[in-house]
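The block underneath contains the structure these notes are about, expressed in C-alpha coordinates.
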Amino acid sequence: MNLFAIVQYDQSFNSNEWFILASLVAGYTLILILPKRYPPAYTLLFLFIGINSGIVFDHTISIPPFDFYDVNDSSKFEIYDFLSYIMYGPFGYLFFYLYDYLKLKGYFTFLYIVMWSIIAMFVEGLATYLGVFHYKNGYQFVYSFPFYFYIQSLTLSLFIILMKKAPPNK
(Lines give C-alpha, C1' and ligand atoms only; values in the text may rest on other atoms or scores of the structure.)
Protein backbone atom coordinates (compact mmCIF):
# COMPACT_ATOMS: atom_id res chain seq x y z
CA MET A 1 0.00 0.00 0.00
CA ASN A 2 1.37 3.40 -0.98
CA LEU A 3 1.05 5.76 2.02
CA PHE A 4 1.51 8.77 -0.22
CA ALA A 5 -1.06 7.95 -2.90
CA ILE A 6 -3.50 10.81 -3.42
CA VAL A 7 -7.15 9.86 -3.06
CA GLN A 8 -9.72 12.08 -4.78
CA TYR A 9 -13.20 12.00 -3.19
CA ASP A 10 -14.89 14.58 -5.39
CA GLN A 11 -14.11 17.71 -7.38
CA SER A 12 -17.33 19.63 -6.90
CA PHE A 13 -18.09 22.62 -4.74
CA ASN A 14 -20.67 20.96 -2.52
CA SER A 15 -21.73 20.22 1.05
CA ASN A 16 -18.27 20.03 2.62
CA GLU A 17 -17.24 23.46 1.34
CA TRP A 18 -20.61 24.96 2.29
CA PHE A 19 -20.30 23.52 5.79
CA ILE A 20 -16.87 25.10 6.24
CA LEU A 21 -17.99 28.49 4.90
CA ALA A 22 -21.18 28.49 7.00
CA SER A 23 -19.20 27.50 10.11
CA LEU A 24 -16.67 30.26 9.50
CA VAL A 25 -19.31 32.93 8.99
CA ALA A 26 -21.50 31.79 11.90
CA GLY A 27 -18.60 31.31 14.31
CA TYR A 28 -16.79 34.58 13.66
CA THR A 29 -20.09 36.52 13.50
CA LEU A 30 -21.05 35.13 16.90
CA ILE A 31 -17.72 36.28 18.34
CA LEU A 32 -18.27 39.77 16.93
CA ILE A 33 -21.78 40.11 18.37
CA LEU A 34 -21.13 38.59 21.81
CA PRO A 35 -20.41 41.09 24.59
CA LYS A 36 -16.66 41.59 24.83
CA ARG A 37 -15.09 39.76 27.80
CA TYR A 38 -11.45 40.02 26.82
CA PRO A 39 -9.03 42.52 25.34
CA PRO A 40 -8.15 41.91 21.66
CA ALA A 41 -4.86 40.15 22.49
CA TYR A 42 -6.69 37.55 24.61
CA THR A 43 -9.39 37.12 21.98
CA LEU A 44 -6.74 36.41 19.34
CA LEU A 45 -4.93 34.03 21.70
CA PHE A 46 -8.11 32.05 22.33
CA LEU A 47 -8.86 31.90 18.58
CA PHE A 48 -5.31 30.70 17.87
CA ILE A 49 -5.58 28.05 20.57
CA GLY A 50 -8.70 26.68 18.87
CA ILE A 51 -7.05 26.76 15.44
CA ASN A 52 -3.78 25.22 16.62
CA SER A 53 -5.53 22.50 18.61
CA GLY A 54 -7.27 21.42 15.43
CA ILE A 55 -4.09 21.54 13.39
CA VAL A 56 -1.96 19.64 15.90
CA PHE A 57 -4.42 16.85 16.57
CA ASP A 58 -5.64 16.54 13.00
CA HIS A 59 -2.07 16.27 11.74
CA THR A 60 -1.13 13.85 14.49
CA ILE A 61 -3.57 11.21 13.28
CA SER A 62 -4.44 12.19 9.70
CA ILE A 63 -0.96 11.88 8.17
CA PRO A 64 1.41 8.92 7.84
CA PRO A 65 2.23 6.76 9.66
CA PHE A 66 -1.33 6.77 11.08
CA ASP A 67 -3.27 8.32 8.17
CA PHE A 68 -6.66 7.68 9.75
CA TYR A 69 -8.67 10.14 7.68
CA ASP A 70 -8.61 12.64 4.85
CA VAL A 71 -10.08 16.13 4.91
CA ASN A 72 -12.42 17.43 2.21
CA ASP A 73 -12.17 16.52 -1.46
CA SER A 74 -8.72 14.96 -1.64
CA SER A 75 -5.99 13.42 0.48
CA LYS A 76 -3.68 16.27 -0.54
CA PHE A 77 -3.75 19.60 1.27
CA GLU A 78 -6.06 22.15 -0.36
CA ILE A 79 -7.35 25.64 0.45
CA TYR A 80 -10.53 24.31 2.11
CA ASP A 81 -8.37 22.17 4.40
CA PHE A 82 -6.74 25.39 5.58
CA LEU A 83 -10.15 27.05 5.99
CA SER A 84 -11.36 24.05 7.99
CA TYR A 85 -8.56 24.74 10.50
CA ILE A 86 -9.55 28.41 10.74
CA MET A 87 -13.06 27.12 11.46
CA TYR A 88 -11.83 25.69 14.80
CA GLY A 89 -11.01 29.18 16.15
CA PRO A 90 -14.52 30.20 17.25
CA PHE A 91 -15.03 26.84 18.96
CA GLY A 92 -11.92 27.45 21.06
CA TYR A 93 -12.96 30.99 21.86
CA LEU A 94 -16.52 30.00 22.83
CA PHE A 95 -15.17 27.13 24.95
CA PHE A 96 -13.19 29.61 27.08
CA TYR A 97 -15.80 32.37 26.91
CA LEU A 98 -18.63 30.23 28.28
CA TYR A 99 -16.46 28.65 30.95
CA ASP A 100 -15.46 32.10 32.18
CA TYR A 101 -19.00 33.46 31.87
CA LEU A 102 -20.54 30.56 33.81
CA LYS A 103 -17.79 30.71 36.49
CA LEU A 104 -17.66 26.93 36.78
CA LYS A 105 -15.62 25.18 39.44
CA GLY A 106 -14.86 21.63 40.62
CA TYR A 107 -17.14 18.86 39.37
CA PHE A 108 -18.88 21.26 36.98
CA THR A 109 -15.58 21.78 35.15
CA PHE A 110 -15.45 18.05 34.41
CA LEU A 111 -19.05 18.09 33.20
CA TYR A 112 -18.30 21.14 31.05
CA ILE A 113 -15.42 19.32 29.34
CA VAL A 114 -17.61 16.26 28.75
CA MET A 115 -20.38 18.48 27.35
CA TRP A 116 -17.98 20.20 24.94
CA SER A 117 -16.51 16.84 23.90
CA ILE A 118 -20.04 15.72 23.02
CA ILE A 119 -20.60 18.97 21.09
CA ALA A 120 -17.34 18.34 19.23
CA MET A 121 -18.49 14.81 18.40
CA PHE A 122 -21.81 16.16 17.08
CA VAL A 123 -20.01 18.72 14.88
CA GLU A 124 -17.56 16.07 13.65
CA GLY A 125 -20.43 13.71 12.88
CA LEU A 126 -22.20 16.40 10.87
CA ALA A 127 -18.95 17.35 9.11
CA THR A 128 -18.31 13.69 8.27
CA TYR A 129 -21.83 13.27 6.92
CA LEU A 130 -21.27 16.36 4.72
CA GLY A 131 -17.93 15.08 3.38
CA VAL A 132 -15.42 17.12 5.37
CA PHE A 133 -13.83 14.00 6.90
CA HIS A 134 -13.27 10.61 5.27
CA TYR A 135 -12.23 7.91 7.78
CA LYS A 136 -9.87 5.17 6.69
CA ASN A 137 -7.42 2.56 7.96
CA GLY A 138 -9.85 1.33 10.59
CA TYR A 139 -10.57 4.68 12.24
CA GLN A 140 -14.06 5.02 13.68
CA PHE A 141 -16.05 8.04 14.78
CA VAL A 142 -16.07 7.05 18.47
CA TYR A 143 -12.26 7.17 18.60
CA SER A 144 -12.42 10.96 18.44
CA PHE A 145 -13.96 11.42 21.89
CA PRO A 146 -10.73 10.82 23.86
CA PHE A 147 -8.88 13.31 21.65
CA TYR A 148 -11.50 15.98 22.30
CA PHE A 149 -11.59 15.25 26.02
CA TYR A 150 -7.79 15.38 26.27
CA ILE A 151 -7.25 18.61 24.30
CA GLN A 152 -10.13 20.38 26.04
CA SER A 153 -8.84 19.30 29.47
CA LEU A 154 -5.35 20.50 28.58
CA THR A 155 -6.41 23.83 27.09
CA LEU A 156 -8.87 24.57 29.89
CA SER A 157 -6.09 23.91 32.42
CA LEU A 158 -3.90 26.41 30.57
CA PHE A 159 -6.78 28.90 30.48
CA ILE A 160 -7.29 28.61 34.24
CA ILE A 161 -3.57 29.15 34.87
CA LEU A 162 -3.54 32.16 32.52
CA MET A 163 -6.56 33.73 34.20
CA LYS A 164 -4.92 33.35 37.62
CA LYS A 165 -1.47 34.59 36.56
CA ALA A 166 -2.49 37.32 34.11
CA PRO A 167 -6.18 38.17 34.37
CA PRO A 168 -7.29 40.44 31.56
CA ASN A 169 -8.23 44.03 32.22
CA LYS A 170 -11.78 43.84 30.94
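The values are calculated or read from the model by the stated rules, or taken from the named source; none is laboratory data. The structure displayed is predicted, hence computed values, not measured ones. With ideal geometry, Cβ positions are generated from the backbone for all residues, glycine too; neighbour counts draw on all protein chains shown. Calculation scope for accessible area: heavy atoms of the full protein, side chains included, ligands and nucleic acids excluded. Shrake-Rupley method; radii C 1.70, N 1.55, O 1.52, S 1.80 Å.
Might you work out the accessible area of I79 for me, using a 1.4 Å probe with all protein chains in place, and round it to the nearest 10 Å²?
Answer for I79: close to 110 Å² accessible.
Taking the radius of gyration and the Kirkwood hydrodynamic radius from Cα positions alone, what is the Rg/Rh ratio for the stretch 64-169, to two decimal places? Present the calculation step by step, with values, prior to reporting the outcome.
Values: Rg = 15.9 Å, Rh = 15.4 Å.
Result: Rg/Rh = 1.03.
Taking Cα pairs under 8 Å and at least six residues apart, what relative contact order does the chain come out at, in percent?
Computed value for the chain: 33 percent relative contact order.
Please report the relative contact order for the stretch 88-170, taking Cα pairs under 8 Å with a sequence separation of at least 6, and give it as a percent rounded to a whole number.
Details: 22 pairs, mean separation 27.9, N = 83.
That works out to 34 percent.
Using only Cα atoms and rounding to the nearest 10 degrees, what angle (0 to 90) does helix 88-102 make with the longest principal axis of the chain?
Between helix and principal axis, roughly 30 degrees.
Taking only Cα atoms, what is the 0 to 90° angle, nearest 10, from helix 40-61's long axis to the longest principal axis of the chain?
On a 0 to 90 degree scale, this one is about 30.
Over the chain, give the accessible area per residue in Å² for a 1.4 Å probe, as an integer.
Working: 9750 Å² over 170 residues.
Accessible area per residue, the chain: 57 Å².
Ignoring ligands, DNA and RNA, what percent of the accessible area of the stretch 1-158 is carbon or sulfur (1.4 Å)? Numbers along the way, then the final one.
Working: 6600 of 8750 Å².
On the stretch 1-158, the fraction of accessible area on carbon and sulfur atoms equals 75 percent.
Hey, which aspartates and glutamates would be in cross-link range of K165, C-alpha to C-alpha under 16 Å, not counting anything within fewer than 8 residues on its own chain?
The qualifying aspartates and glutamates are D100.
Once you put a point 7 Å from the Cα of K103 and another 7 Å from the Cα of T128, both along the Cβ direction, what distance in nm separates them?
3.9 nm
Sort 49-55, 150-156 by packing, meaning the average of other beta carbons within 10 Å per residue, with the highest value first.
Values: 49-55: 19.4, 150-156: 17.0.
Ranking the peptides 49-55, 150-156 by packing returns 49-55, 150-156.
Given the C-alpha centroids of the stretch 20-52 and the stretch 98-170, what is the distance between them in whole angstrom?
So the two Cα centres are separated by 15 Å.
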